[in-house]
Amino acid sequence: MDINEILKMMEKSLPDETLFADELRAAVLEYIEAKFKEISATTKFTEAVAKLGIVSLPSEMKDEFLKTFLSTFQKEISEAIEKTL
């Protein structure tokens, strides 16, 4: 058998490009979904740690922190409230 004949036989036995494209598409979608889940979990973890830090502050420091936080984000908080009403 000629090497060209062997290569042609192997080429015929391989699946076509659409199968590879579908597999690649599925893998990319799975990867993107995993990244979104990672970001979501990181956000939830950071939020929980921040809440724990705020809760564990002495009350006078907690009041000062909340005042500073509110004054820093007053514009964004007002805009969010207006959008929900």
> What number comes out for the charge environment of residue 66, summing +1 per Lys or Arg and -1 per Asp or Glu over other residues with Cβ under 13 Å away?
Replying inline: 0
>> Take residue 35 and residue 13, extend 7 Å from each Cα along the Cα→Cβ direction, and tell me the distance between the two endpoints in nm.
In response: 3.7
> Which length gain, in nm to one decimal place, applies between residue 70 and residue 82 when the Cα-Cα distance is subtracted from 0.36 nm times their residue separation?
Replying inline: 2.7 nm
>> Just to be sure I understand, if you calculate P(r) over Cα pairs in 10 Å bins from 0, in percent for this structure, which of (1) 18, 32, 24, 15, 9, 2; (2) 13, 18, 21, 14, 11, 8, 8, 6, 1; (3) 14, 28, 22, 16, 12, 6, 3, 0 do you get?
In response: (2)
>> On a 31 Å Cα-Cα criterion, which of the cross-link pairs 35/67; 44/75; 12/37 come out too long?
In response: 35/67; 12/37
> Where does the charge balance sit around residue 29 when Lys and Arg score +1, Asp and Glu -1, over other residues with C-beta under 12 Å from its C-beta?
Replying inline: -2
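Values in this text are rule-based calculations from the coordinates and carry no lab data. Not measured: the values here are computed from a predicted model. Neighbour counts run over all protein chains shown; Cβ positions are idealised from the backbone, glycine included.
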